[in-house]
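S.K.: Got a structure for you, questions after.
What follows draws every value from the coordinates through simple rules; no lab data is involved. Here the structure is a predicted model, which is why all the values come from computation and not from measurement. Note that we place each Cβ from the backbone using ideal geometry, even for glycine, and neighbour counts take in every protein chain shown.
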Amino acid sequence: MNSFATSPGTRDILPPDAARWRAFQEAFAEVASRYGCSYMIPPMFEDLGVFLRLGEATDVVTKEMYDFEDKGGRRVALRPEQTASVCRAFVQHRPTTPWKVWYAGPNFRYEKPQQGRYRQFDQVGVEVLGVTDPHADVEVIALAWDFYRALGLRQVHLALNTLGNADERARWTEALAKYFRDHEEQLTVDSRATLAKNPLRVLDSKRPDDAPVIQGAPRIEDYLGVESAQHFAVVRQSLTELGIPFTVEARLVRGLDYYCHTTFEFVSTSLSAAHTAIGGGGRYDGLVEQLGGPATPGVGFALGLDRTLLACDAESVFPSPRETVRVFVVDTTGGGEALRVAAELRAADISTDRAFEQRSMKAQMKAADRSGAEIALIIGSDELASDSIVMRLMSSGEQTTVKRANLIEIVQRTLAVTDVK
Ligand code: HAM
């Protein structure tokens, strides 16, 4: 018989990690709603055309897309990110602006799997549509910042840049292309290949041999008009006013093509090189229009859940919540009484577990211990005959016999006392 394991780049998220994932999303939900964002759930696959807008020369589109023809002959793709889907949803449903939404869930990119880089990876993110005000850029950055703080992360660095508006970006890209072509022989083979596809991305090269050429490359600041420069100035001033530290990094261009004006990345300084970008985002003022909607500005970000949790591990913060029941029922009379008692406790909102298979008293007590329960309720034939139950406090070993009729009330009272402690 064949046996199967997860596909490369995918993982089972088992207990207790899965509880940590849920707590992560709950923490994000709380911060996002503090900023007036509402939850939305885009579908996991869409018409391929939606995602082609991420940039026909980006790796995400050319190399990493999970696209296929469905049984109805439609060309569809598993979403590699959710910004394009949110914009498509905006075009489809035309909500009133500003439209501030948050989302959470898996994305799919056919990347080379390694620690912190998976083919199915989770993000949480926020998009704000319909606002050109640079304060919206600052709000989404502040939201992400607050969230990192809420997790307990301290070693997060904000890298900030601007790409100007569409025209300025295009003129700068042209100048970069010319400059890199003029210096092509000094570039590495890999960067020459990037140059042919997407000159902007050459700036992103981390290869030391490319550094001298990149150093002398045209800078966006020489291509910014007054309005774009002003927009970026307000973003910087406002971040400073809110006490959010950042550095401007002229080489930060991001991996998706839809960005203009503000772009940013959050880098964990507690992680090693391969997966230090724990979140990123920026403005994408042309995307809604490219998807067939009215000209609508947008700004947002997404955080990689997997990588952010690696950063949490590195800083020893945001541990998995302890998943325990409060009461464990031990029944050596066949299990029928455990069935009834557990049902009553659960109906009274008390988390309860029990042993099965009529195991020995010793085995059941061991299970009670392992469960982490504060109280074990022990039912033997004497108790069954006398309508009573032995209540054992697991921390002290103290035991009392309680009347079956008063059980729920006494358990509730006992747990209330341990709650206060
Ligand atoms: P992105 O930079 O492609 O941006 O992804 C955002 C974050 O998702 C990254 O910083 C990283 O933490 C995580 N991530 C990306 N790929 C992987 C992977 N293969 N494995 C694990 N984690 C990964 C976007 O996706 C944009 N939609 C962000 C955005 C929202 N821009 C504007 N609004």
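S.K.: Order 238-251, 108-121 from most to least packed using the mean count of other Cβ atoms within 10 Å. Walk me through the numbers on the way to the answer.
M.R.: Values: 238-251: 13.6, 108-121: 16.9.
In descending order of packing, they fall as 108-121, 238-251.
S.K.: Something else about it: Please report the net charge: other residues with Cβ closer than 13 Å to the Cβ of V156, K and R +1, D and E -1. Let's see the in-between values first.
M.R.: Numbers: positive: R149, R154, R307; negative: D146, E265, E315.
Around V156, the surrounding residues sum to 0.
S.K.: Under 20 Å from the Cα of K71, which aspartates and glutamates turn up, not counting those fewer than eight places away in the same chain?
M.R.: In chain and number order, the partners are E46, D47.
S.K.: Enumerate the calculated ³J(HN,Hα) couplings along region 326-342 in order (Karplus 6.51 cos²θ - 1.76 cosθ + 1.60, θ = phi - 60°), each rounded to whole Hz, writing x wherever the residue is Gly or Pro.
M.R.: 8, 10, 10, 9, 10, 9, 9, 9, x, x, x, 5, 4, 4, 6, 5, 4
S.K.: Sum -39500 (n - 2.57) across every DSSP H segment of at least 4 residues in the chain, then divide by the residue count to get the 222 nm mean residue ellipticity, nearest 500. Intermediate results must be reported in sequence, preceding the final value.
M.R.: Numbers: 16 runs with 164 residues, N = 421.
Calculated at 222 nm, the ellipticity per residue is -11500 deg cm²/dmol.
S.K.: Report, for the chain, the % of DSSP beta bridges that are antiparallel, rounded to 5.
M.R.: Working: 51 of 63 bridges.
Antiparallel bridges: around 80 percent, rounded to the nearest 5.
S.K.: Ranked highest first by the average count of other Cβ atoms within 10 Å around their residues, in what order do 188-195, 142-149 fall? The partial results should precede the final answer.
M.R.: Details: 188-195: 15.9, 142-149: 20.9.
Top of the packing list down: 142-149, 188-195.
S.K.: OK, next. Restricting to region 327-413, compute how many DSSP beta bridges are antiparallel as a %, nearest 5. All intermediate terms of the calculation are to be shown ahead of the outcome.
M.R.: Details: 9 of 17 bridges.
Of those bridges, close to 55 percent are antiparallel.
S.K.: Angle between the Cα long axis of helix 407-420 and the longest principal axis of the chain, 0 to 90 degrees, nearest 10?
M.R.: In the chain, helix 407-420 runs at an angle near 50 degrees to the longest axis.
S.K.: Taking springs between alpha-carbon atoms closer than 10 angstrom, which of L54, L200, L377 fluctuates most in the Gaussian network model of the chain?
M.R.: Evaluated over the chain, the most mobile residue of the options is L377.
S.K.: Quick one: angle between helix 305-315 and the longest Cα principal axis of the chain, in degrees between 0 and 90, rounded to 10, please.
M.R.: For helix 305-315, the angle is close to 70 degrees.
S.K.: Return the whole-Å distance between the Cα centroid of region 298-321 and the Cα centroid of region 99-129.
M.R.: Here the answer is 12 Å between Cα centres.
S.K.: Okay, moving on. Write down the radius of gyration of region 327-413 and its Dmax, each obtained from C-alpha positions, in Å.
M.R.: That works out to 11.4, 30 Å for Rg and Dmax.
S.K.: What is the dipole size for region 327-413, taken about its Cα centre, with +1 at each Lys and Arg Cβ and -1 at each Asp and Glu Cβ, in debye to the nearest 20?
M.R.: Working: 11 positive and 13 negative charges, 33 e Å.
That gives a dipole near 160 debye.
S.K.: Can you run phi through the Karplus equation (6.51, -1.76, 1.60; θ = phi - 60°) for region 17-23 and list ³J(HN,Hα) in whole Hz, with x for Gly and Pro?
M.R.: 4, 4, 5, 5, 4, 5, 5
S.K.: Would you mind pulling out the separation of the Cα centroids of region 147-194 and region 348-402, in Å?
M.R.: Centre-to-centre distance over Cα atoms comes out at 63 Å.
S.K.: Here's something else I'd like to know. For region 234-275 and region 57-76, what is the centre-to-centre distance using only Cα atoms, to the nearest Å?
M.R.: Answer, in whole Å: 30.
S.K.: Pairs of Cα atoms under 8 Å, at least six residues apart: use those to get the relative contact order of region 327-413, whole percent. Provide the component values of the computation, followed by the final result.
M.R.: On the way: 135 pairs, mean separation 25.1, N = 87.
Worked out over region 327-413, it gives 29 percent.
S.K.: So, one more: Which percentage, to the nearest 5, of the DSSP beta bridges contained in region 214-356 is antiparallel? Numbers along the way, then the final one.
M.R.: Values: 11 of 14 bridges.
Given both bridge residues lie in region 214-356, the antiparallel proportion sits at roughly 80 percent.
S.K.: Now a separate question. I need the phi-derived Karplus couplings for region 28-34: 6.51 cos²θ - 1.76 cosθ + 1.60, θ = phi - 60°, integer Hz, Gly and Pro marked x.
M.R.: Result, ordered by residue: 5, 4, 5, 5, 4, 6, 4 Hz.
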